[in-house]
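Okay, so here's the structure we're looking at.
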Amino acid sequence: MSVLILAYNHGRYIQQAIESILSQVTDFAIEVVIAEDCSTDETLSISKKFADLSPEVVRVVTGDTNVGMMKNLRRGITGCCGEFIALCEGDDFWVDAFKLATQVNGLRRHPEIDFCLTRGLMSYPDGSFGYSAGLGDCERILSLADLLGTGTSIQTASFLFRARSIRDLPDWFDSAPVGDLFLIVASVRTTGRALYQPAITACYRVLSDGSWTQRMKQRSAEYYVLHSEAMIKAYESAEECFDIPRTILRYHVSGYYWILAKDRLHKLRIVDCIAYFLRIDITFIIQRFVFRARACFVSSL
């Protein structure tokens, strides 16, 4: 069993992440692989401290230069030797000592499934906690369409894969703007199914230093346009590479076409605006208008 920690400038948090993993109670061996991407803080020194204390358990995989999130993820996966790979970013942590045991047992009961996820907590900068929405209170089998529609209801720190399902990632993966979504697509491409468990096992730090949520909050409107273009390209690559039906992906890429359509309208590029608008799934458009109408109605009360 491999646990992959993705670490970059997580010096304030990574000790808690590592300790939460080392406290797991299992009847199988665990290795902890820390993929460290040339941080500018003490992330590497803290990681090496744990590796020096437990060299048979903890290993640090790094390089001479910063390679970016996606290539660091690929490097980390390559460095994992286990039959299963669980993920935990360096600023997140686990809250259930039986997380790995429960998820591995679940996948062993379902040999036809390669991916398992759970509910989680949200940790906020003011010290408060909240619950992610989750996907129900019962264990259930999810389809790819279910997974793509979950949004913030799932957390990367809860992910556990059969290693074989994510080892041979295509070249376009390195330029994808996010990793967790396309790891899911890669893992479930064969069976189209995943195992959801309702236990709360992990905690995601919202707006932590260097986190995705913090970076996105600080981005400009133009960045969101570029991000949308990159997401569309990655979705199209996934559709072609993994032979995913267009009907599954079309709705989920519609939000990015919506952003591009609004941007082109703002820039008075009407033809481009119409072209993007016509690519948006009709269900997405209806939901947007219903949401706006409901908001206007509530505000008028």
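Computed from phi, the 3J(HN,Hα) profile of the stretch 31-43 under the Karplus parametrisation 6.51, -1.76, 1.60 (θ = phi - 60°) reads 10, 10, 10, 9, 8, 9, 10, 6, 5, 9, 10, 8, 4 Hz, with x in place of Gly and Pro.
Annotation: the antiparallel percentage among DSSP beta bridges lying fully within the stretch 110-197 is about 75. An oblate overall shape is assigned to the stretch 249-296, the ratio a/c of its alpha-carbon gyration tensor axes (a ≥ b ≥ c) being 1.5 or greater and a/b not exceeding b/c. Under 5 Å from the amide H of ASP281 lie the amide H atoms of SER254, each residue being 5 or more positions distant or on a separate chain, with H modelled from the backbone and absent for Pro and chain starts. Taking all protein chains together and a 1.4 Å probe, the residues CYS88, CYS38 rank CYS38, CYS88 from largest to smallest accessible area.
For a straight C-alpha distance cut-off of 28 angstrom, the lysines reachable from LYS99 (same-chain residues fewer than eight places away being disregarded) are LYS48, LYS49, LYS71. With everything on Cα atoms, drop me the angle between helix 282-300 and the longest principal axis of the chain, reported from 0 to 90° to the nearest 10. Tilt relative to the chain: about 80 degrees. Applying 0.36 nm per residue to the separation of LEU22 and TYR223 and subtracting their alpha-carbon distance, the gain on full extension is 68.5 nm.
Based on the alpha-carbon gyration tensor of the stretch 1-85 and its eigenvalue square roots a ≥ b ≥ c, which shape applies: rounded if a/c is under 1.5, prolate if not and a/b is larger than b/c, or oblate? Verdict is oblate for the stretch 1-85. Spin-label model, ILE270/ARG164: points 7 Å from Cα along the beta carbon direction are separated by 5.7 nm. Only protein heavy atoms count here; on that basis, with a 1.4 Å probe, SER175 has an accessible area of about 90 Å². Think of each Lys and Arg Cβ as +1 and each Asp and Glu Cβ as -1; about the Cα centre, that makes the dipole of the chain roughly 1040 debye.
Think of it as helices only: each DSSP H run of n ≥ 4 in the chain is worth -39500 (n - 2.57), and spread over all residues that comes to -13500 deg cm²/dmol at 222 nm. For the chain, take the longest principal axis of its alpha carbons; what is the angle in degrees between that and the long axis of helix 246-266, to the nearest 10 within 0 to 90? Around 60 degrees separate the two axes. The C-alpha atoms of the chain define a longest principal axis, and helix 69-79 lies at about 40 degrees to it. Taking TYR257, TYR224, TYR131, TYR276 and ordering them by how much accessible surface each has at a 1.4 Å probe, largest first, produces TYR131, TYR224, TYR276, TYR257. Across the stretch 220-234, computed HN-Hα scalar couplings (Karplus, 6.51 cos²θ - 1.76 cosθ + 1.60, θ = phi - 60°) run 7, 4, 5, 4, 5, 5, 5, 4, 5, 4, 5, 5, 4, 4, 5 Hz from first to last residue, x flagging Gly and Pro. Using a probe of 1.4 Å on the protein chains alone, the accessible area found for LEU53 is around 130 Å². Taking the Cα centre of the stretch 84-140 as origin and assigning +1 to Lys and Arg Cβ atoms and -1 to Asp and Glu Cβ atoms, the resulting dipole is close to 280 debye. Cross-link partners of LYS267 among aspartates and glutamates, defined as those whose alpha carbon lies under 19 angstrom from its own and excluding same-chain residues fewer than eight positions apart: GLU222, GLU229.
Each label was represented as a point 7 Å from its Cα along the Cα-to-Cβ direction; for VAL178 and ASP146 these points are 1.9 nm apart. Here's how it looks for CYS38: its modeled amide H is under 5 Å from those of GLY63, which are all 5 or more places away or on a different chain.
Which values of log₁₀ I(q)/I(0), to two decimal places, follow from the Debye formula for the chain at q = 0.07, 0.09, 0.11, 0.15 Å⁻¹ with a uniform point scatterer at every Cα? Results for the chain at q = 0.07, 0.09, 0.11, 0.15 Å⁻¹ read -0.29, -0.47, -0.71, -1.27.
For HIS266, the solvent-accessible surface with a 1.4 Å probe is about 150 Å², rounded to the nearest 10. Volume per residue for the stretch 13-144 equals 145 cubic angstrom (convex hull of Cα atoms). When the residues ASP263, ASP146, ASP137 are ordered by accessible surface, computed with a 1.4 Å probe over the protein chains alone, the sequence from largest down reads ASP137, ASP146, ASP263. Ordering ALA230, PRO177, CYS80 by Cα displacement along the dipole of the chain toward the positive end leaves ALA230 in first place; charges were set at the Cβ atoms of Lys, Arg (+1) and Asp, Glu (-1).
Applying 1/(1 + (r/R0)^6) with R0 = 30 Å to the Cβ-Cβ distance of LEU278 and HIS110, what FRET efficiency is obtained, to the nearest 0.05? Taking R0 as 30 Å, the efficiency between LEU278 and HIS110 is 0.15. Between VAL95 and GLU236, the modelled label-to-label distance comes to 4.1 nm, taking each label 7 Å out from Cα in the direction of the beta carbon. Remark on VAL58: its backbone amide H falls under 5 Å from those of VAL32, a criterion applied only to residues 5 or more positions apart or on other chains, H modelled at 1.01 Å from N. The relative contact order of the chain, computed from alpha carbon pairs under 8 Å that lie at least 6 residues apart in sequence, is 18 percent.
The values are calculated or read from the model by the stated rules, or taken from the named source; none is laboratory data. Treat the numbers as computed from the prediction; the structure is a model and nothing was measured. Neighbour counts are summed over all protein chains in view; Cβ atoms, including those assigned to glycine, are modelled from backbone coordinates with ideal geometry. The area values use the complete protein model at the heavy-atom level, side chains included, leaving out ligands, DNA and RNA. Shrake-Rupley method; radii C 1.70, N 1.55, O 1.52, S 1.80 Å.
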